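Reading through the structure tokens given below for one structure.
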Amino acid sequence: MDFAFNDEHQALRAMVREFAESRIAPNAEAWDRDHHFPVDVVREMGELGLFGITADERWGGAGADFTNLCIAIEELARVDQSMAITLEAGVSLGINPIHEFGSEELKERWLPDLVAGRALAGFGLTEPGAGSDAAATATRAVLDGDEWVINGAKAFITNSGTDITSLVTITARTGPDEISCIVVPAGTPGFTVEPAYRKMGWRASDTHGLVFEDCRVPATNLVGERGRGFQQFLSTLDDGRIAIGAMAVGVLQCCLEQSVAYAKERESMGKPIGSYQAVAFKCADMEVMTEAARLLVYKAAWLKEQGGPFKQEAAVAKLYASEAAITATREATQVFGGAGFMDETLVSRQYRDAKVLEIGEGTSEVQRLVISRGLGLPVS
Ligand SMILES: Cc1cc2nc3c(=O)[nH]c(=O)nc-3n(C[C@H](O)[C@H](O)[C@H](O)COP(=O)(O)OP(=O)(O)OC[C@H]3O[C@@H](n4cnc5c(N)ncnc54)[C@H](O)[C@@H]3O)c2cc1C
């Protein structure tokens, strides 16, 4: 058993931390306030190779292990969840469906720009009437000659409307009992990106509703086999859950560091607040949660790299880490007192942002369903 990160992991962590602290941290509060998606910084993340960490070298990627991607996401989330989710969704939801399941034609057409971070892609699964219940997907795609004709709507889709978004992969009903994934290039007639949502958190990330009205795309835009869409997105979500867990680890690390530093510096009644057990024990609990979440997330990442089943471990890691992150952001805000309620205090933004960690890529309730079923319980 080896719990150590290797030299490659450590070098990547140092590189991403330096980038996050110099290019993201100083600006993140303003981006959050203005709901501004900083496309130039996302391009810089591309130039650093972050979108291509796990992609095949053939498409310009580094072909590195999944642990590297988790480390990059964790380090971004330590300073700003909006940029972390932009990377997480860009890879897990944008690149991976095409990289894992797409035809050579789709890969050659789309992957080089996505892997280089010159372009972004979204994945449209959720609909106004189908979220946790993905089987209720109502968007339809009908084959007409050599084209799919798509009608329907998607809700809350990340990276779907940026200046560099090149496509969304959507799930659509292609038969009565059949869901398939289809690539819809940005700008296709009949494909409308609605105005960006106003959000409680992740305000500098890009999230839109999408509408498809007699939207025609080539039949060859089908991702993998017809009717395999359900299996494809379940597999996509398993990876994504570990990656969301990695975001939560970054948030926990942030809360721990910020709270300990403030508890040493801030004085009350003649002593540093960290000398009061009420405050010190909050920090102690954050240390425990950070350590536990990190172990769960990187164990799940390691299992995935071994090629074995990891659905259960991914759900456990996502559930624990996201709920711990919410607890830690609430407690860190408390450690900061009134200052914790102010926008310029990092933990206050982390608090607002963290809530969605237990909603996206499967709610906490859905994770508990997955875990219960993994235990053989007949829960519905
Ligand atoms: C900022 C943001 C970004 C997102 N990005 C994307 C994206 O890029 N692509 C994408 O496809 N989606 C995206 N989503 C959507 C997200 O995945 C869904 O919101 C999530 O899966 C929950 O679906 P829902 O909102 O329809 O809630 P619902 O499914 O309506 O759930 C409502 C509540 O009921 C509970 N519930 C539902 N069914 C059950 C059940 N069977 N048992 C117990 N409890 C249940 C849920 O846990 C929840 O508490 C994003 C969401 C947000 C907020």
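The values are calculated or read from the model by the stated rules, or taken from the named source; none is laboratory data. No experiment lies behind these values; they were computed from the predicted model shown. Here Cβ is always computed from backbone atoms with ideal geometry, including for glycine, and neighbour counts include all displayed protein chains.
Values for this structure:
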{"item": "Close pairs from region 45-70: first within 23 Å of Gly308 (Cβ to Cβ), partner crowded, with 22+ Cβ neighbours inside 10 Å and modelled with pLDDT under 95, Cβ under 7 Å, at least 6 apart", "result": "none"}
{"item": "Selection count, region 223-276, where residues are surrounded by fewer than 18 Cβ atoms within 10 Å (Cβ to Cβ) and part of a loop (DSSP other than H, G, I, E, B)", "result": "8"}
{"item": "Test: Phe101 is among the aromatic types (Phe, Trp, Tyr), within 20 Å of the chain's Cα centre (by Cα) and surrounded by fewer than 24 Cβ atoms within 10 Å (Cβ to Cβ)", "result": "yes"}
{"item": "Any hit, region 268-288, residues being touching a Leu at 6+ places or on another chain (Cβ under 6 Å) and closer than 18 Å to Ala84 by Cβ", "result": "no"}
{"item": "Where a residue in region 89-106 is outside the structural domain of Met247 (by TED's automatic domain parsing) and under 14 Å from Gly46 (Cβ atoms) and its partner, wherever it lies, is more than 15 Å from the ligand (Cβ to nearest atom) and polar (S, T, N, Q), with Cβ under 8 Å and at least six apart", "result": "Val91/Thr54"}
{"item": "Count of region 2-33 residues which are without any contact (Cβ under 8 Å) to a residue 12 or more places away in the chain and either in a helix (DSSP H, G or I) or under 18 Å from the mean Cα position of the chain (by Cα) (or both)", "result": "8"}
{"item": "Restricting region 335-355 to residues that are buried (at least 21 other Cβ atoms within 10 Å of the Cβ) and among the aliphatic types (A, V, I, L, M), the residue that is farthest from the ligand (Cβ to nearest atom)", "result": "Val335"}
{"item": "Matching residues, region 135-151, being touching a residue at least 60 places away in the same chain (Cβ under 8 Å), within 13 Å of the ligand (Cβ to nearest atom) and in a loop (DSSP other than H, G, I, E, B)", "result": "Thr139"}
{"item": "Residue list for region 67-106, filter: under 21 Å from Ala20 (Cβ atoms), hydroxyl-bearing (Ser, Thr, Tyr) and more than 16 Å from the ligand (Cβ to nearest atom)", "result": "Thr67"}
{"item": "Whichever residue in region 107-134 is surrounded by 24 or more Cβ atoms within 10 Å (Cβ to Cβ), within 17 Å of Phe212 (Cβ to Cβ) and of a type in the set (A, V, I, L, M, F, W, C) and, among such residues, is nearest to the ligand (Cβ to nearest atom)", "result": "Leu125"}
